[in-house]
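Chemist: Dropping the structure in here first, questions after.
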Amino acid sequence: MNEQQNSTTEQMSPVTVIGLGPMGQAMTRTLLTAGHKVTVWNRTAGRAGAVVADGATLAATAREAVEASDLVILSLTDYQAMYDVLDGVGASLAGRTLVNLSSDTPDRTREAATWAAGHNAAFLTGGVMVPAPMIGTEAAFVYYSGRNEVAETHMATLALLGQPRYLGGDPGLAQMMYQAQLTVFLTTLSALMHATAMLGAAGMSAREALPELLSSAESIGDILRAGEENPGAGLDADKHPGDLSTVTMMGATADHIVETSTSLGLDTALPLAVQAHYQQAIKSGHGGDNWTRIIDSIRGPR
């Protein structure tokens, strides 16, 4: 069989999707549109109605769903939900590939890979980096990690959900990247809400404030990429030249934000956390270094 035939066979192979929240439903519809036969199962069977109407097959049990396909995609609340759903399925997992796109910790994903291997099943960890409505679009991308040969076997199918970005053999890597990305995302959202509350206390509506604040958030990437060198190179080399901005300068700004937030009666948890990073760097004698020096206290003792 040539490469094109292999790709076609993989793309048209049956797929099982377990978990039919908004993400699971979006994945199911994307796979159906591409021509796959899709079997679905959900603990609350009523959620399957819409995708069944679109052409999916509803399995009566989790075991029946697993046995319907060699490729089983899980879109659940967390990894404990996988164990709950697949408890008792055991022998039916042998020879199949589980692709868990649920959120949890890197350590739990590594434990899950070991658990799957104990049932003679292959395992891939995935981190979906877009909301459900964007699944299957050009903007969608998904991080994967686990054994390379397993990833390659099913990548044509998984690519339908979003651009695959394979990180390596450690099952925890994709989840670590997912958590890292969401650290940026969630912290930015909290910062936007805190800043909106600050401006609201001064009489500015959120409708007026957010466009201005978003322009600042969007410029961060441009600022970090402004130099010719990848800013990560300096971090890797432990070089923090303070020629443009220093820990002391940024720390003073952090102090002012805490003072302003306190005077307005706002919650100060976020600005205090930021202030602490700069205070620790100054305490350690790095006030003249670039603001990137705050990574030392975040990393902790090494």
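Chemist: List pairs: first in segment 291-302 and without any contact (Cβ under 8 Å) to a residue 12 or more places away in the chain, second of a type outside the set (D, E, K, R), Cβ under 9 Å, 6+ apart or cross-chain?
Modeler: none
Chemist: Right, something else. Filter segment 262-276 down to residues that are at negative phi and either part of a loop (DSSP other than H, G, I, E, B) or touching a residue at least 24 places away in the same chain (Cβ under 8 Å) (or both), then give me how many there are.
Modeler: 7
Chemist: Also, I was wondering about something else. Residue by residue through segment 5-20, note down the ones that are small (Gly, Ala, Ser) and modelled with pLDDT of 95 or more.
Modeler: The first filter runs over segment 5-20 and keeps only residues small (Gly, Ala, Ser), leaving 7, 13, 19.
Scanning segment 5-20 gives a single hit, 19.
Chemist: Hey, another quick one. For segment 256-264, state whether one or more residues are over 30 Å from residue 288 (Cβ atoms) and either exposed (fewer than 15 other Cβ atoms within 10 Å of the Cβ) or more than 29 Å from the chain's Cα centre (by Cα) (or both).
Modeler: Step one: filter segment 256-264 for residues over 30 Å from residue 288 (Cβ atoms), giving 264.
After this cut, where a residue has to be either exposed (fewer than 15 other Cβ atoms within 10 Å of the Cβ) or more than 29 Å from the chain's Cα centre (by Cα) (or both) as well, the list is 264.
The answer is yes, given that some residue of segment 256-264 is over 30 Å from residue 288 (Cβ atoms) and either exposed (fewer than 15 other Cβ atoms within 10 Å of the Cβ) or more than 29 Å from the chain's Cα centre (by Cα) (or both).
Chemist: Going through 161, 124 one at a time, which residue ends up being part of a loop (DSSP other than H, G, I, E, B), aliphatic (A, V, I, L, M) and modelled with pLDDT of 95 or more?
Modeler: 161
Chemist: Exactly one of these conditions fails for residue 243: (1) surrounded by 13 or more Cβ atoms within 10 Å (Cβ to Cβ); (2) farther than 23 Å from residue 183 by Cβ. Give me its number.
Modeler: Condition (1) is where residue 243 drops out.
Chemist: Do you know which residues across segment 70-85 are crowded, with 22+ Cβ neighbours inside 10 Å, under 20 Å from the mean Cα position of the chain (by Cα) and among the hydrophobic types (A, V, I, L, M, F, W, C)?
Modeler: 72, 73, 76, 82
Chemist: Across segment 217-238, which residue is surrounded by the most Cβ atoms within 10 Å (Cβ to Cβ) among those that are more than 22 Å from residue 281 (Cβ to Cβ), small (Gly, Ala, Ser) and at pLDDT 90 or above?
Modeler: In this case the residue turns out to be 217.
Chemist: For segment 86-120, give me each residue that is of a type in the set (Gly, Ala, Ser), at pLDDT 95 or above and surrounded by fewer than 21 Cβ atoms within 10 Å (Cβ to Cβ).
Modeler: 92, 94, 95, 117, 118, listed by residue number.
Chemist: Okay, next question. Cβ-Cβ under 8 Å, sequence separation 6+ or interchain: first residue in segment 229-246 and over 14 Å from residue 296 (Cβ atoms), partner of a type in the set (Val, Ile, Thr). Which pairs?
Modeler: 231/292
Chemist: What single numbered condition from (1) within 19 Å of residue 30 (Cα to Cα); (2) of a type in the set (Phe, Trp, Tyr); (3) touching a Leu at 6+ places or on another chain (Cβ under 6 Å) fails to hold for residue 123?
Modeler: (1)
Chemist: Another question, if that's okay. Determine whether residue 299 is surrounded by 14 or more Cβ atoms within 10 Å (Cβ to Cβ) and either under 22 Å from residue 183 (Cα atoms) or of a type in the set (S, T, N, Q) (or both).
Modeler: Criteria not met by residue 299.
Chemist: Same structure, new question: Report whether or not residue 198 is part of a helix (DSSP H, G or I) and not assigned by TED's automatic domain parsing to the domain that holds residue 264.
Modeler: Against the criterion (part of a helix (DSSP H, G or I) and not assigned by TED's automatic domain parsing to the domain that holds residue 264), residue 198 does not qualify.
Chemist: Moving on. Specify which of the listed residues (16, 39) is more than 19 Å from residue 131 (Cβ to Cβ) and crowded, with 24+ Cβ neighbours inside 10 Å.
Modeler: Of 16, 39, the one residue that is more than 19 Å from residue 131 (Cβ to Cβ) and crowded, with 24+ Cβ neighbours inside 10 Å is 16.
Chemist: Within segment 130-149, how many residues turn out to be surrounded by fewer than 19 Cβ atoms within 10 Å (Cβ to Cβ) and either in a helix (DSSP H, G or I) or under 12 Å from the mean Cα position of the chain (by Cα) (or both)?
Modeler: Number of matching residues: 8.
Chemist: Please work out which residue is farthest from residue 103 (Cα to Cα), limiting yourself to segment 180-199 and to residues that are in contact with a helix residue (DSSP H, G or I) (Cβ under 7 Å, 6 or more places away or on another chain) and touching a residue at least 60 places away in the same chain (Cβ under 8 Å).
Modeler: If we take residues in segment 180-199 being in contact with a helix residue (DSSP H, G or I) (Cβ under 7 Å, 6 or more places away or on another chain) and touching a residue at least 60 places away in the same chain (Cβ under 8 Å), then 198 is farthest from residue 103 (Cα to Cα).
The values are calculated or read from the model by the stated rules, or taken from the named source; none is laboratory data. Here the structure is a predicted model, which means the values were calculated and not measured. Don't worry about glycine lacking a Cβ; one is built from the backbone with ideal geometry, like all the others, and counts go over all protein chains shown.
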